[in-house]
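S.K.: The structure follows.
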Amino acid sequence: MDVTLDQWKALISVVDSGGYEKAAEALKKSQSSVTYAVQKLQSQLGVKAFEVKGRKAVLTPTGQFLYRRARALVEEADATERAAKKLSAGWEAEIGLAMDVAFPVWLMLECLQRFGAESPHTRIELIESVLGGTSEALLKGQAQLAITGIVPPGFMGEKLMPVRFIAVAHPDHPLHKLGRPVTLQDLRAHRQLVVRESDTRRATPSRLEAAQRWTVTHMTTAMGAASRGYGYGWYPEYRIRDEIAAGTLKPLPMREGGENVAQIYLVFADRDAAGPGTLRLAQLLREATEAACVAENAKT
């Protein structure tokens, strides 16, 4: 016969409570039933978990091993029970979340950490996308939530936060040597560093048709190229603060268009069909972005 969960719990309680009497009180059972459970466990396994030293029963080396294993088994069983209750109450087993790379990654990770603490058995599929790729994840049913600067037709967007983009280049870049405000015509004569749109259609029009262009997959690659003097680009201000402070990037003195503000939205794939996990994650995102915006405004 297999050892039952109640037997493991009895062993743990005897150790944690310091004896059978207090263990019985903690478990709300009779002392005889707790004693029997522990004795039966030892008999079934053919081991001795306790030995008497003076007036106290202490764990044998085998008992110490059993105690550690018992705790792991009981904790796993409790976690499984909690997860089952959440799932039976409608908590999703997995949530797809599409995020435009303009959204602060650190803020997203904080939200996911908080959500994970509340629902550790809900898996998160985070789709990091660029421009129309976030909308595509919604339209293809890959995401229940999206954080995007472009609300696709047929969906409603809820404002989350603004993100400021700044045109920058290395301080030694020729555009910084003109001695006058930089024009769009000036930009077209130099290499633009662009992050590739993740939408398979790549339908978002370019703001500037430069003669020279490098298109890369990751924003960190584009920023790295700009920091080395290989070109210029527009990047979220929060992502290039360190480079500006270090002197490897410098805002271009644009005549116009040097700064652009993109509004980031929270979009549900289907608000009415959203499960409690999706709703809770959305709430955490609202709270986190609101706090971040308040903190940012306090600096200015």
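The values are calculated or read from the model by the stated rules, or taken from the named source; none is laboratory data. Because the structure is a prediction, the values reported are computed rather than measured. Don't worry about glycine lacking a Cβ; one is built from the backbone with ideal geometry, like all the others, and counts go over all protein chains shown. Surface accessibility is based on the protein's heavy atoms, side chains included, excluding ligands, DNA and RNA. Shrake-Rupley method; radii C 1.70, N 1.55, O 1.52, S 1.80 Å.
S.K.: Using a 10 Å cut-off on Cβ atoms, rank the peptides 148-154, 220-226 from the highest mean neighbour count down.
M.R.: 220-226, 148-154
S.K.: If you count only protein heavy atoms with a 1.4 Å probe, what accessible area per residue comes out for the stretch 209-300, rounded to a whole Å²? It would help to have the intermediate numbers written out before the result.
M.R.: Working: 4910 Å² over 92 residues.
That works out to 53 Å² per residue.
S.K.: Ranked from highest to lowest mean number of other Cβ atoms within 10 Å per residue, what is the order of the peptides 115-128, 2-15?
M.R.: 2-15, 115-128
S.K.: Right, here's the next one. Could you tell me what percent of the accessible area of the chain is made up of carbon and sulfur, with a 1.4 Å probe and every protein chain present?
M.R.: In the chain, the share of accessible area belonging to carbon and sulfur is 52 percent.
S.K.: Further question: Under a no-solvent Debye model with one identical scatterer per Cα of the stretch 10-140, what's log10 I(q)/I(0) at q = 0.12, 0.13 Å⁻¹?
M.R.: Once normalised to I(0) and log-transformed, intensities are -0.67, -0.71.
S.K.: Loop-only trypsin sites (Lys or Arg not before Pro) in the stretch 208-278, please: DSSP not H, G, I, E or B, and at most 16 other Cβ atoms within 10 Å.
M.R.: 228, 255
S.K.: Going by Cα centres, the stretch 129-195 and the stretch 1-77 are how many Å apart?
M.R.: Between the Cα centres of the stretch 129-195 and the stretch 1-77 lies a distance of 61 Å.
S.K.: Next up: Sticking to Cα atoms, compute the Rg of the stretch 97-145 to one decimal and its Dmax as the biggest Cα-Cα distance, whole number, in Å.
M.R.: Gyration radius and largest Cα-Cα distance of the stretch 97-145: 11.4, 31 Å.
S.K.: Please provide three numbers in whole Å: the alpha-carbon extents of the chain along the principal axes, with the largest listed first.
M.R.: Ordered largest first, the chain gives principal extents of 90, 44, 36 Å.
S.K.: Accessible area per residue, 1.4 Å probe, Å², for the stretch 7-53: what's the number?
M.R.: In whole numbers, the stretch 7-53 has 58 Å² accessible per residue.
S.K.: Give 29/53; 29/56; 28/53 a once-over and call out the pairs whose C-alpha atoms are over 24 Å from each other.
M.R.: Pairs exceeding the cut-off: 29/53; 28/53.
S.K.: Going by amide H atoms built from the backbone, whose H comes under 5 Å of the H on residue 160, apart from near neighbours?
M.R.: Hits under the 5 Å cutoff: 264, 265, 266.
S.K.: Run through every distinct alpha carbon pair of the stretch 245-300 and return the Kirkwood hydrodynamic radius in angstroms, one decimal place.
M.R.: By the Kirkwood definition, the hydrodynamic radius is 15.0 Å.
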